[in-house]
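The structure appears below as structure tokens.
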Amino acid sequence: MGLILKPIDIVEDISQEDFINKYLKPRKPVVIRNMARKWPAYEKWTLDYMKEVVGDVEVPLYDSSKADPAAPINASAAKMKFTDYIDLIKEQPTDLRIFLFDPIKYAPKLLEDYISPKDLMGGFLDKYPNMFFGGKGSVTFLHFDIDMAHIFHTHFGGRKHILLFDYKWKERLYQIPYATYSLEDYDISHPDFEKFPALDGVEGIECFLEHGDTLFMPTGWWHWMKYLDGSFSLSLRAWIKSWKVKAHSLWNLTVQRQVDSFLKKRFKKRYMDWKEKKAIERAEQALRKGLPK
């Protein structure tokens, strides 16, 4: 059977009524082609332009290696000047990525180059939205966002391959306890179903983004991303109205994160081994029960 991947819905433009009824309320992803084509960023935002306006700021870089149980959460693999990193991803493949870094803080004029899609929904959060950069071949591991926000993810300068999974598949995706990511021992784009049988039959959505495409990812959707070219993305986040989801977000950001950090610091590899074992047990139990229903 394998993974069951459907192509994502793609629209050129969409009205607020259709967006709310077809995608926001049912929490279904969609690609909107023309949203960013109306922004100044569509013409201006290239790797060279980012290099020019952000400059020689030192940035943390992340790779695809498995997390070190002794390292703090989100510990970087390396650091580099932003200009040198842009040169690197322009010239050659690399698995080094930038995230948890806000270039707009260092180049506030970038704020003038995009428009939050408030004509579709409200609740947008960030004064300085997140931006993500990756070299050709770099991969963002399978996870969902800890704050449980809705996300409008617009890509620039190349192509990106994305796999998406509804939150309800979390056990079958081998979610690590007290975390928002999956077991790192498998590649969701080419899974070994003998070793990870719970993945067999998991349903998802496949998406390819090109320059100027905007992906709407509803709250809680798992996502895996691969940069097919050295390129970058902008994520605009918006709160969901549901108080249940807001409470889940608050739990993730406070209690869960603090408990996980404490146990990781205290027990290190022993704790990480327990988490991986528990993820496998939960996945196999969900498979036996035929979850999700």
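The values are calculated or read from the model by the stated rules, or taken from the named source; none is laboratory data. Every value quoted in this text rests on a predicted model; they were computed, and no experiment measured them. Counting neighbours? That spans all protein chains shown, and the Cβs are built from the backbone with ideal geometry, glycine included. Side chains included, ligands, DNA and RNA excluded: accessible areas come from the protein's heavy atoms. Shrake-Rupley method; radii C 1.70, N 1.55, O 1.52, S 1.80 Å.
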- request: Check whether at least one residue in segment 247-269 is at pLDDT below 95, closer than 21 Å to Leu173 by Cα, more than 19 Å from the chain's Cα centre (by Cα) and open to solvent by less than 70 Å² (accessible area, probe 1.4 Å), and report yes or no.
  value: yes
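Do you know which of the residues in segment 187-227 that are small (Gly, Ala, Ser) and more than 19 Å from Arg288 (Cβ to Cβ) is most open to solvent (accessible area, probe 1.4 Å)?
Initial filter on segment 187-227 (small (Gly, Ala, Ser)): 189, 198, 201, 204, 212, 220.
When the remaining residues are screened for being more than 19 Å from Arg288 (Cβ to Cβ), the result is 189, 204, 212, 220.
Values: Ser189: 37, Gly204: 7, Gly212: 0, Gly220: 5 Å².
Ranking the candidates gives Ser189 first.
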- request: Looking only at segment 30-38, decide whether some residue is surrounded by 13 or more Cβ atoms within 10 Å (Cβ to Cβ) and touching a helix residue (DSSP H, G or I) at 6+ places or on another chain (Cβ under 8 Å).
  value: yes
query: Between residues in segment 190-211 that are free of Cβ contacts under 8 Å to residues at least 40 places away in the same chain and over 20 Å from Lys160 (Cβ atoms) and residues that are open to solvent by 80 Å² or more (accessible area, probe 1.4 Å) and β-branched (Val, Ile, Thr), which pairs lie under 8 Å by C-beta distance while being six or more apart or on different chains?
result: none
message: Out of the residues in segment 95-120 meeting the condition of being open to solvent by 20 Å² or more (accessible area, probe 1.4 Å) and either in a loop (DSSP other than H, G, I, E, B) or under 16 Å from Gly158 (Cα atoms) (or both), tell me which one is modelled with the lowest pLDDT.
response: Asp102
query: All but one of (1) over 14 Å from the mean Cα position of the chain (by Cα); (2) assigned to a loop (DSSP other than H, G, I, E, B); (3) under 26 Å from Leu24 (Cα atoms); (4) modelled with pLDDT of 85 or more hold for Gly137; which doesn't?
result: (3)
message: Glu58 - would you say it is in contact with a helix residue (DSSP H, G or I) (Cβ under 9 Å, 6 or more places away or on another chain) and modelled with pLDDT of 90 or more?
response: yes
statement: Among (1) more than 23 Å from the chain's Cα centre (by Cα); (2) without any contact (Cβ under 8 Å) to a residue 24 or more places away in the chain, Met1 falls short only on (2)
- prompt: Which of the residues spanning segment 133-181 are touching a His at 6+ places or on another chain (Cβ under 8 Å), open to solvent by less than 20 Å² (accessible area, probe 1.4 Å) and farther than 23 Å from Leu291 by Cα?
  reply: His155, Phe156, Gly158, Ile162
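I'd like to know if segment 212-233 contains one or more residues that are more than 30 Å from Pro103 (Cα to Cα) and in contact with a Phe, Trp or Tyr (Cβ under 7 Å, 6 or more places away or on another chain).
No, the conditions are met nowhere in segment 212-233.
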statement: Note on segment 8-28: residues more than 15 Å from Gly122 (Cα to Cα) and either in contact with a strand residue (DSSP E or B) (Cβ under 6 Å, 6 or more places away or on another chain) or open to solvent by less than 50 Å² (accessible area, probe 1.4 Å) (or both) are Ile8, Asp9, Ile10, Val11, Ile14
